[in-house]
Amino acid sequence: MTPSPAVSTSVHLGSLTLKNPVMTASGTFGSGKQYADFIDLSALGALVTKGVSLEPWSGNSGVRVYETPSGMLNSIGLQNPGVEAFIADDLAWLREHAPDATVIVNVSGHTRDEYVQVIERLAQEDGIAAYEVNISCPNVDRGGLAFGTDPDSAAAITRACKEAAARGDGASTAARAKRPVIVKLSPNVTDIAEIARACEDAGADALALINTILGTAINIQKRTMVFERTVAGLSGPAIKPVALRMVWQVARAVSIPLVGMGGIATPDDAIEFLLAGATAVAVGTGNFIDPTLTVRCIERIEEYAAEQGFSAVEDMIGALERRDIP
Amino acid sequence: MYEPVEVVSNEAVAADVYRLRLRAPQTAPLVRGGQFVHLRLNRHAAHTPLLRRPLSVCQVYGDELLIMYAVVGTGTEVLAGKAVGDTSMDIIGPLGSCWPIEEDVRTPLIVGGGLGIAPLGMLAHAFRDRGINVKIIQAAQTAERLIVREAHERVKRDIVFATDDGTCGYHGIVTDLVREALAERAEGAERTGDTAEAATMFDVAYVCGPEPMQKAVSEVLLQAGVRTYVSFERRMACGVGACLGCTVPTIDGLKRACADGPVFAAEEVCFDDAIASRVH
């Protein structure tokens, strides 16, 4: 079926307009250039970079990736060259080779002040559409997940990042100061809706969920844990039902837009997340298996919207028929 | 490059060692020795195995890739079951770095251990095509596992073998043969009275095999002043340099086996840390 030209595909994350609802998940897409041979980066709703910290982080030693049934565990540990090298190399590459791409920079830190300093530095640069604040990485010892499992800590980081984004370095242009702050949530909590509400109250413009689920693996021959840090993050199709449930649950708890992700492996998976209440979706591990999956999702969502009689993709968000409970 | 592939042949050549030919007309002409393709085992469905498998290309014949693999886990078990004519798989590639061939190479050495000889296949042919005589040292556990031995013998290469059990060639470890070859070349240089030792001494060596073997052989070669390259096999997720799952420790920090490698200069690799970071 030919997509109807009448379907409007754009969606909104706070003040940011995305040309379509399909993004990449941080950590699975490098800084974009690694996939430029496979897709047109500017076709994406947004490209979300690998996490960037104030100083270079070397990441974890030992095994880093391990396949599981319908999924994979990772323990990369947010290896990245630090914000200065990110700006000089990755951001510069994107500005030169993909000037029309919508770039969201994922921000990490060991302390609240480190998150703030990364955002203050990024606020001096053009070519960035929004910040995604990672308070949910299970693979680092300080920061990361620790901030994302407690409502007060999550709120404090959100508030500090939001202020830093709006303040910039004092010399930021008005456009830069308007960049939305998206907070990325962990599924490794008892009540994700409570954390979501805390972030919304603290000023988050949007929420991204879910990060990986804590898991582990054992080498039975050596009788050792596979990962040096013992635990690792589970991703891939195995986690999709959990992710979908959490997106549905959080969509009912907050009124800010959500970026839904977790195990999207087909365009139909992406549509499920939109129907569950996500404004946008992100493809993560799925990029490893099919580097063109994002583009296939974009095409199919538009086609599906037309088939279902939606004039805008935004009308699909949370568009579930009521199920009458007897 | 993304390309669906067709299985032309897939046959066992030794216990758990297979010779796979894939028709990949778009990818084949682009491959250079040392590079790999990232193979999806079933593009139609099946989330298990979920991830692609990185497989080194041994040779390119027209529009076909020749790949040698050992059955070591779920992915290769599935691969071993693929029948002639199968069109369920696809590849992305060619990926990674290739064995560098400097313009002035005159006396190269190739050292392959076990299946490690396979990624060196295209390199050996490249030297043959340039009329450069390459010395090959190939080692394996048994004579049966000296893969592509017949192909080597057919073209009467300067080749010696070692096996762990003595069923073919030298009965012992490959480093002994490397030392022997170095000693022969050193003597040759002395005898001819050539002032430039490079006239007969190896000017470059390419080593691929189990990591402890790569380490041991590299140490011997580097000590003798021979420029040496090695290749690293790692479990990979993305294969294109994005996920940082396949890193190899080097003197310049962590490098990605998929995008910075798999071929590295031996002198920059931290072998002990690299060996410790492998999963088995």
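The values are calculated or read from the model by the stated rules, or taken from the named source; none is laboratory data. All figures in this text were calculated on a predicted structure; none of them were measured in a lab. Note: ideal-geometry Cβ built from the backbone for every residue, glycine included; neighbour counts use all protein chains shown.
General observations
- Condition check for A:Thr17: free of Cβ contacts under 8 Å to residues at least 60 places away in the same chain and of a type in the set (S, T, N, Q): yes
- Being more than 14 Å from every other protein chain (Cβ to nearest Cβ), in contact with a helix residue (DSSP H, G or I) (Cβ under 6 Å, 6 or more places away or on another chain) and either crowded, with 23+ Cβ neighbours inside 10 Å or small (Gly, Ala, Ser) (or both) holds for only one residue in B:Ala265, B:Ala237, B:Ala224, B:Ala242, and it is B:Ala224.
- Taking (1) in contact (Cβ under 8 Å) with a residue 12 or more places away in the chain; (2) more than 21 Å from A:Asp90 (Cβ to Cβ); (3) of a type outside the set (Ser, Thr, Tyr) in turn, A:Ala146 satisfies each apart from (1).
- Region B:10-67 - residue that is out of contact with any Phe, Trp or Tyr (no Cβ under 7 Å at 6 or more places or on another chain) and of a type in the set (Ser, Thr, Tyr) and, of those, farthest from the other protein chains (Cβ to nearest Cβ): B:Tyr61
- Within region A:23-35, one or more residues are modelled with pLDDT of 95 or more and more than 14 Å from chain B (Cβ to nearest Cβ).
- Qualifying residue in region A:307-321 (condition: farther than 19 Å from B:Ala237 by Cα, of a type in the set (S, T, N, Q) and more than 14 Å from chain B (Cβ to nearest Cβ)): yes
- Annotation note: of A:Val250, A:Val295, A:Val281, the sole residue that is part of a helix (DSSP H, G or I) and crowded, with 21+ Cβ neighbours inside 10 Å is A:Val250.
- Residue satisfying all of: in region B:55-93; touching a Pro at 6+ places or on another chain (Cβ under 6 Å) and touching a residue at least 40 places away in the same chain (Cβ under 8 Å); surrounded by the most Cβ atoms within 10 Å (Cβ to Cβ) among these: B:Ser56
- So A:Leu275, is it assigned to a helix (DSSP H, G or I), in contact with a Leu (Cβ under 6 Å, 6 or more places away or on another chain), aliphatic (A, V, I, L, M) and over 12 Å from A:Val22 (Cα atoms): yes
- Within region A:57-76, the set of residues being assigned to a loop (DSSP other than H, G, I, E, B) and within 7 Å of chain B (Cβ to nearest Cβ) comprises A:Ser58, A:Gly59, A:Ser61, A:Gly62, A:Val63, A:Arg64, A:Pro69, A:Ser70, A:Ile76.
- Of the residues screened, B:Ala216 is one that is within 24 Å of B:Ile173 (Cβ to Cβ), surrounded by fewer than 24 Cβ atoms within 10 Å (Cβ to Cβ) and either more than 10 Å from every other protein chain (Cβ to nearest Cβ) or not polar (S, T, N, Q) (or both).
- Among (1) surrounded by fewer than 24 Cβ atoms within 10 Å (Cβ to Cβ); (2) at pLDDT below 95; (3) under 25 Å from B:Ala276 (Cβ atoms) - the single one A:Cys137 does not satisfy: (1)
- Within region A:215-245, the set of residues being in contact with a Leu (Cβ under 9 Å, 6 or more places away or on another chain) and either within 11 Å of chain B (Cβ to nearest Cβ) or not in a loop (DSSP other than H, G, I, E, B) (or both) comprises A:Gly215, A:Ala217, A:Val226, A:Phe227, A:Ala232, A:Gly233, A:Leu234, A:Ser235, A:Gly236, A:Pro237, A:Ala238, A:Ala243.
- Summed over region A:44-56, residues that are more than 30 Å from B:Thr74 (Cα to Cα) and either buried (at least 23 other Cβ atoms within 10 Å of the Cβ) or facing chain B (nearest Cβ under 7 Å) (or both) total 9.
- A:Leu41 surrounded by 20 or more Cβ atoms within 10 Å (Cβ to Cβ), within 14 Å of chain B (Cβ to nearest Cβ) and in contact with a strand residue (DSSP E or B) (Cβ under 9 Å, 6 or more places away or on another chain): yes
- Count - residues of region B:71-95 that are within 14 Å of chain A (Cβ to nearest Cβ) and farther than 17 Å from B:Arg40 by Cβ: 1
- Selection status of B:Glu11, closer than 30 Å to B:Asp176 by Cα, without any contact (Cβ under 8 Å) to a residue 40 or more places away in the chain and surrounded by fewer than 22 Cβ atoms within 10 Å (Cβ to Cβ): no
- Being surrounded by fewer than 24 Cβ atoms within 10 Å (Cβ to Cβ), small (Gly, Ala, Ser) and within 28 Å of A:Gly286 (Cβ to Cβ) holds for only one residue in A:Ala193, A:Ala160, and it is A:Ala193.
- Residue match in region B:130-152 (condition: surrounded by 22 or more Cβ atoms within 10 Å (Cβ to Cβ), out of contact with any helix residue (DSSP H, G or I) (no Cβ under 9 Å at 6 or more places or on another chain) and at pLDDT 90 or above): no
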